[in-house]
1. For the range 166-187, which residues satisfy the criterion of being loosely packed, with under 15 Cβ neighbours inside 10 Å and under 23 Å from THR131 (Cα atoms)?
2. Specify the residue that is modelled with the highest pLDDT; the eligible residues are those in the range 246-294 that are of a type in the set (Val, Ile, Thr) and in a helix (DSSP H, G or I).
3. Would you tally the residues in the range 56-83 being open to solvent by 70 Å² or more (accessible area, probe 1.4 Å), outside any helix (DSSP H, G or I) and over 18 Å from LEU33 (Cα atoms)?
4. Hey, could you check the range 188-204 for residues that are touching a strand residue (DSSP E or B) at 6+ places or on another chain (Cβ under 8 Å) and assigned to a loop (DSSP other than H, G, I, E, B) and say which is surrounded by the most Cβ atoms within 10 Å (Cβ to Cβ)?
5. Testing GLU242 on (1) among the charged types (D, E, K, R); (2) at pLDDT below 90; (3) open to solvent by 80 Å² or more (accessible area, probe 1.4 Å), one condition comes back false. Which one is that?
6. Going residue by residue through the range 127-141, is there one that turns out to be assigned to a strand (DSSP E or B), open to solvent by less than 20 Å² (accessible area, probe 1.4 Å) and under 25 Å from ALA16 (Cα atoms)?
7. Being surrounded by fewer than 17 Cβ atoms within 10 Å (Cβ to Cβ), polar (S, T, N, Q), closer than 15 Å to ALA94 by Cα and at pLDDT 95 or above is the requirement here; does THR46 meet it?
8. Pairs needed: first member in the range 18-31, within 13 Å of ARG6 (Cα to Cα); second member anywhere, among the aliphatic types (A, V, I, L, M) and surrounded by fewer than 19 Cβ atoms within 10 Å (Cβ to Cβ); C-beta distance under 6 Å; at least 6 residues apart or different chains.
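The values are calculated or read from the model by the stated rules, or taken from the named source; none is laboratory data. Since we're looking at a predicted model, the values are computed, not measured. Please note: Cβ atoms are built from the backbone with ideal geometry, for glycine as well, and neighbour counts cover all protein chains shown. Areas reflect the complete protein model, heavy atoms only, side chains present, ligands, DNA and RNA absent. Shrake-Rupley method; radii C 1.70, N 1.55, O 1.52, S 1.80 Å.
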Amino acid sequence: MIFETRRLDPGLYIVATPIGNARDITLRALDVLASAGTLVAEDTRTTRKLMEIHGIPLGGRPIRSYHDQSGAGDRARILAAIRDGQAVAYVSDAGTPLIADPGFKLVSEAVAAGLDVHAVPGASAVLAALTVGGLGTDAFHFAGFLPAARAARRRALGELVAVPGTLVFYETGRRLQESLGDVCDILGEERRAAICRELTKRFETVDRGRLGDLRAVADREIRGEFVLLVGRAERAQAAETEIDRALQEALNTMRVKDAANTVAGALGLNRREVYQRALALSRGGPGADDEGTA
């Protein structure tokens with residue numbers, strides 16, 4: 001037995017759990033799972049299995065489900081347990097709750113109610129990918145899962161082109177290919193990138209290179225969970241032909257103003273000048289139905 005049962009102060013304990021390897025759990029997390037009066041889990045079956053692996057008995061304690069579809073009544077019952085003096089431990093299926101996982105509304109209401117919220121930190125796919133990706137870690141932006149709809153996804157990427165740091169995305173195997181295509185179109189194929197698959201698991205792989213070269217990875221990988229890292233843009237004076245090519249690509253799916261903002265940010269150019277160029281290209285082209293206002 002490597003955990004200790006101890007008395008915990010009343011409050012909500014946000015417990016990070018392994019993202020793959022079951023041994024990637026902290027001793028404190030085991031103590032909290034062993035000691036909390038009530039357990040709350042995104043999937044109770046996953047949590048029961050994790051506790052069995054580490055020899056933690058449930059011992060008649062309640063284990064409740066809380067996930068993205070849970071409502072106000074579920075949260076009210078959890079907060080009531082804390083008000084009654086219990087320590088409540090919340091875990092998602094893997095990694096740190098709230099980080100592209102359920103839990104935000106629960107924590108927000110607990111804070112608003114004046115209840116104590118405690119972090120029990122540990123594994124996170126975001127940080128694991130950054131440590132092995134080989135890209136800059138001095139500044140990064142976590143964007144979570146990109147929208148499923150292509151137009152919305154491209155708009156979201158357009159807002160990120162000028163972020164001065166490494167971009168971090170989550171993606172599933174079945175959507176990786178189409179998402180990576182849009183990432184290449186909007187952010188540029190020459191950016192350095194890394195695709196991290198199944199981190200800490202048996203078939204962990206990390207592919208590094210230019211975004212355009214990594215399309216081949218998306219072609220062959222159809223299963224697993226992925227973290228996509230994209231390096232910061234390298235600002236350089238763009239040739240007119242490069243500007244026009246990028247604008248034509250953007251105008252296929254965006255209005256003139258959005259296309260201009262996206263390309264200007266990606267190439268480090270004056271937005272007004274690029275807008276005027278995009279407006280000229282759009283006349284008689286894909287962006288001709290735009291309202292034509294900056």
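1. THR172
2. VAL256
3. Residues meeting the conditions: 2.
4. Residues of the range 188-204 that are touching a strand residue (DSSP E or B) at 6+ places or on another chain (Cβ under 8 Å), as a first pass: 189-199, 203-204.
When the remaining residues are screened for being assigned to a loop (DSSP other than H, G, I, E, B), the result is 189-191, 198-199, 203-204.
Working: GLU189: 14, GLU190: 15, ARG191: 23, GLU198: 19, LEU199: 25, PHE203: 9, GLU204: 15.
Looking at the filtered set, the residue picked out is LEU199.
5. Looking at each condition in turn, GLU242 falls short on (3).
6. no
7. Yes: the conditions hold for THR46.
8. none
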